[in-house]
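Since the structure comes first, as structure tokens, the remarks are kept for the end.
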Amino acid sequence: MSNQPIDRQAGEDSAVPRFTEFPTTGYDEWRAAAEAALKGGSFEKRLITKTHEGIALQPMYRAEDVDGLPHMGSLPGFAPFVRGTQVLGYKHAPWEVSQELANATPESFNQALRADLERGQTAVNMRLDLATLLGEDADAAESGRVGTGGLSISCLDDLTAALTGVDLEQTPIFIQTGASGLPLLAMVLAMLGKQSRSAAKLRGCIGDDPLGALAGSGRLPRSLNGAYEDLAQFTRWAAANAPGLRTVLVRGHPYHDGGGNAIQELAFALATGVEYLRELQARGVTIDQAAPRVLFAFSLGSNLFMEIAKLRSARMLWAKIVAAFGGGEEACKIHVHARTSGWNKTLYDSDVNMLRATTEAFSGVLGGCDSLHIGPKDEIARVPSDFSRRVARNAHTVLREEAGLTRAVDPAGGSWYVENLTDTLARKSWELFREVEKQGGMAKALSAGFPQQQVAAVSDQRARAYAQRRDIFVGTNMYPNPTDDPLTPETIDHVALQQERTRVLKAFRQSTDADARRDALEKLTQATPDRRVTTAVAAAAVGATLNDLWKALTTGEPADPLLEPVAIRRGAEPFETLRRRSEKFAERTGTPPKVFLANMGPIPQHKARADFSRGFLQVGAFEVIGNEGFETTDQAIQAAIASGAGAVVICSTDKTYPELVPDLAKGLKAAKLDTLVLVAGYPADHVEAFKAAGVDDFIHIRANCYELLTKLQNQMGI
């Protein structure tokens, strides 16, 4: 900087510097400098990033990119709530630490819950097993359903055991009930009654999401109409008796976990929420009763800024929707629970899952979620260990206490990038939402397969990007650790678990008055709609089991037809299967499949391609045999055959390949006909000639890694 005094205008505060000696640089000048730095590379291809949402991300954003955006003048706590529903943001109250617990038995669940509540968790987040979600008692459930996915609850004693020592007047509770919300709500209320505690102080969500259940599994254990009837009854009951309790759950998880993009998750969730509002209104629930009872649950993916924008867009669009229904300002405020993604977590190099979850949680907090689950590193394979649960809980604490994210209200607000992306994502999501509306709403769209097809198309697109390693799973399709021990999926002894749960349920039934139970269930079967909640609570209090309540509430309901669900799977599964295939080969034969690197010439000549080939092959758990290079093709051929490797990769430069490759390929095939010969790189002018000489394939940066490694495995008999 110049030694001259800083220029200041007359009358201006002398403490405010004006750097007038520096010229103002315009965008055109910056772009010219950027293009010069690319040395002939395309600005559009090299610097503009196309996301799986079809959004073109610019390399730099400017004030011009937010000019005219309608939400830019809004402030936290005011409509359309893009900057948050609370004036003080997290200064008013931090997000709830709402960690899911997936323990199968009430006793183990309670042990984990009480330990975690003493160590930073602030809410009960109860994941239910498949039998409970389907309204089945443990002793009558189909084999394999008890304990699958979470906690088994069949009776009031189960719920009491799971929540012993937990004060629900002080601690929010979150139960994702599928389509069985009323029976579980009845049990919770019956338990509170026996404890002389007030239902009026209940907070959290005991929420039905029948369309989410339908999207994820392709079936409901009852009719949609019946589910809506019960949803209306206990929503009306909650509005009058438990104002802090939400009863309507809208999950974006099935669409995210199917590989969908942020637009699809947001649009389909909004369409689901609109369908629920319409169905509740049709049954006499007002918009100002219904909207505040809705909880949206979103997944948080790897794209940090996209996920921040997703939560901000959700608040803006939901406010617009509720206002269109005639809701008041308070009703327009969305409540968001977020969880870190399950789709992008991996069995291999599983410690990286902790890093993924932390960045995802960071986006959830900056996006302004109201409650948050940060996935333990091992949750995709088993009930998380004490250690992994502790690390996940502590991530909340680090973000809150050390990173200081609660010290500013909407810290992402005002960023040209974030605000532009929020607007773009909201507009594209609104377009897709309107497409669902044109089809008659979310239920009809699901029946027609529209959301499933949309998600499948993006999932396929993602799969291609990962197969070609344009997108990366660290430690799985890129940068693999050959010595890593993967997470081993937990094997549940379903027979033993179901036997134990059957024993407990039998003892419970024997401890109750069968006549009182029968009379209570008869009253529930005949109850008028406005009496179903209180009558169900009375039945649960005298010993009605989950399935007893379920049957009484669904008597006479026709079954809805099945539909094709969203295909839910983790993105890394194909590569994990590929790697496990080679590992099983090693277990069976005593040696891993081997690939020899025929490195030609001095180290500088072959090293770059040898290193690339090694990393490429280790993705498939091949043992890669390297060397410091050969001077002649005969030396390379002899060493390759002696190694016993089933495949050989020739590593050198495009300049030397015309001289080296034909002799090497012919010599290797002559020495051992079934030897697979590959070339590192893709010398386009010589590909056909090299194939004619015996080259089987090419390893290069644009290759489909998954397909090529699968081909190698097949040809090597793995």
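Structure summary
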quantity	calculated
Yes/no for A238 being touching a helix residue (DSSP H, G or I) at 6+ places or on another chain (Cβ under 7 Å), closer than 26 Å to V166 by Cβ, touching a residue at least 24 places away in the same chain (Cβ under 8 Å) and of a type outside the set (S, T, Y)	yes
Elements of type helices (runs of 4 or more DSSP H) contained in the stretch 480-580, each with 1 or more residues being of a type in the set (V, I, T) and without any contact (Cβ under 8 Å) to a residue 24 or more places away in the chain	532-541
Flag for V495 being surrounded by fewer than 22 Cβ atoms within 10 Å (Cβ to Cβ), β-branched (V, I, T) and in contact with a Ser or Thr (Cβ under 7 Å, 6 or more places away or on another chain)	no
Selection from the stretch 599-633 of residues that are surrounded by 19 or more Cβ atoms within 10 Å (Cβ to Cβ) and more than 44 Å from the chain's Cα centre (by Cα)	M600, G629, F630, T633
Inter-residue pairs, beta-carbon under 6 Å, first assigned by TED's automatic domain parsing to the domain that holds N599 and in the stretch 619-646, second basic (K, R) and in a loop (DSSP other than H, G, I, E, B), 6+ apart	I641/K672
Condition check for R390: in a helix (DSSP H, G or I) and surrounded by fewer than 24 Cβ atoms within 10 Å (Cβ to Cβ)	yes
Subset of the stretch 491-535 (residues that are small (G, A, S) and over 35 Å from the mean Cα position of the chain (by Cα))	A507, S511, A514, A516, A520, A527
Every pair of residues 6+ apart whose Cβ atoms lie under 6 Å, when the first sits in the stretch 125-143 and is at pLDDT 95 or above while the second is among the aromatic types (F, W, Y) and buried (at least 23 other Cβ atoms within 10 Å of the Cβ)	N125/F174
Filtered residue count, the stretch 449-469, keeping only those that are under 25 Å from E583 (Cα atoms) and in a loop (DSSP other than H, G, I, E, B)	2
The stretch 549-575, subset of a type in the set (A, V, I, L, M, F, W, C) and more than 24 Å from L192 (Cα to Cα), residue surrounded by the most Cβ atoms within 10 Å (Cβ to Cβ)	V566
Given (1) of a type in the set (S, T, Y); (2) part of a helix (DSSP H, G or I); (3) buried (at least 18 other Cβ atoms within 10 Å of the Cβ), number of the condition T397 does not satisfy	(3)
Residues (small (G, A, S) and buried (at least 24 other Cβ atoms within 10 Å of the Cβ)) located in the stretch 274-300	A290, A291, A297, S299
Subset of the stretch 409-425 [assigned to a helix (DSSP H, G or I), of a type in the set (A, V, I, L, M, F, W, C) and touching a Lys or Arg at 6+ places or on another chain (Cβ under 8 Å)]	W416, V418, L425
Of the criteria (1) modelled with pLDDT of 95 or more; (2) within 18 Å of A540 (Cβ to Cβ), which one V146 fails	(2)
Residue ID - surrounded by the fewest Cβ atoms within 10 Å (Cβ to Cβ), chosen from residues in the stretch 585-598 that are touching a residue at least 12 places away in the same chain (Cβ under 8 Å) and in a helix (DSSP H, G or I)	A586
The stretch 151-181, residues that are surrounded by fewer than 22 Cβ atoms within 10 Å (Cβ to Cβ) and in a loop (DSSP other than H, G, I, E, B)	T164, G165, V166, D167, L168, E169, Q170, T171, P172
Selection count, the stretch 536-548, where residues are over 24 Å from A141 (Cα atoms) and buried (at least 23 other Cβ atoms within 10 Å of the Cβ)	0
Residues satisfying the stated conditions in the stretch 549-571, i.e. among the acidic types (D, E) and either in contact with a Lys or Arg (Cβ under 7 Å, 6 or more places away or on another chain) or in the same structural domain as E265 (by TED's automatic domain parsing) (or both)	E557
The stretch 80-125, subset of a type in the set (S, T, N, Q) and touching a strand residue (DSSP E or B) at 6+ places or on another chain (Cβ under 8 Å), residue surrounded by the most Cβ atoms within 10 Å (Cβ to Cβ)	Q99
Scan of the stretch 88-121 for residues that are in a loop (DSSP other than H, G, I, E, B), over 17 Å from Q170 (Cα atoms) and without any contact (Cβ under 8 Å) to a residue 40 or more places away in the chain, ordered by number	H92
Given (1) surrounded by fewer than 20 Cβ atoms within 10 Å (Cβ to Cβ); (2) farther than 29 Å from T132 by Cα, number of the condition Q454 does not satisfy	(1)
All positions within the stretch 73-112 that are hydrophobic (A, V, I, L, M, F, W, C), under 23 Å from R339 (Cβ atoms) and modelled with pLDDT of 95 or more	F81, V82, W95, V97, L101, A104, F109, A112
Single match in S447, S459, S415, S511 (criterion: buried (at least 19 other Cβ atoms within 10 Å of the Cβ) and of a type in the set (S, T, Y))	S459
Number of the exception - V409 against (1) touching a Pro at 6+ places or on another chain (Cβ under 6 Å); (2) surrounded by fewer than 19 Cβ atoms within 10 Å (Cβ to Cβ)	(2)
Residue in the stretch 37-56 that is in contact (Cβ under 8 Å) with a residue 60 or more places away in the chain, in contact with a Phe, Trp or Tyr (Cβ under 9 Å, 6 or more places away or on another chain), surrounded by 11 or more Cβ atoms within 10 Å (Cβ to Cβ) and not assigned by TED's automatic domain parsing to the domain that holds K320 present	no
Given (1) without any contact (Cβ under 8 Å) to a residue 24 or more places away in the chain; (2) surrounded by 23 or more Cβ atoms within 10 Å (Cβ to Cβ), index of the condition A324 fails	(2)
Qualifying positions in the stretch 599-614 - under 18 Å from C705 (Cα atoms) and either touching a helix residue (DSSP H, G or I) at 6+ places or on another chain (Cβ under 6 Å) or touching a residue at least 40 places away in the same chain (Cβ under 8 Å) (or both)	R609, A610, F612, S613
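Table: residues versus (1) within 19 Å of K594 (Cα to Cα); (2) surrounded by 16 or more Cβ atoms within 10 Å (Cβ to Cβ); (3) hydroxyl-bearing (S, T, Y); (4) within 36 Å of the chain's Cα centre (by Cα).
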residue	(1), (2), (3), (4)
Y657	no, yes, yes, no
V661	no, yes, no, no
L673	yes, no, no, no
A684	no, no, no, no
A692	no, no, no, no
A703	no, yes, no, yes
T710	yes, yes, yes, yes
Q713	yes, yes, no, yes
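The values are calculated or read from the model by the stated rules, or taken from the named source; none is laboratory data. Just so it is clear, the structure is predicted and the values come from calculations on it, not from any experiment. So basically every Cβ, Gly included, is an ideal-geometry build from the backbone, and we count neighbours across all protein chains shown.
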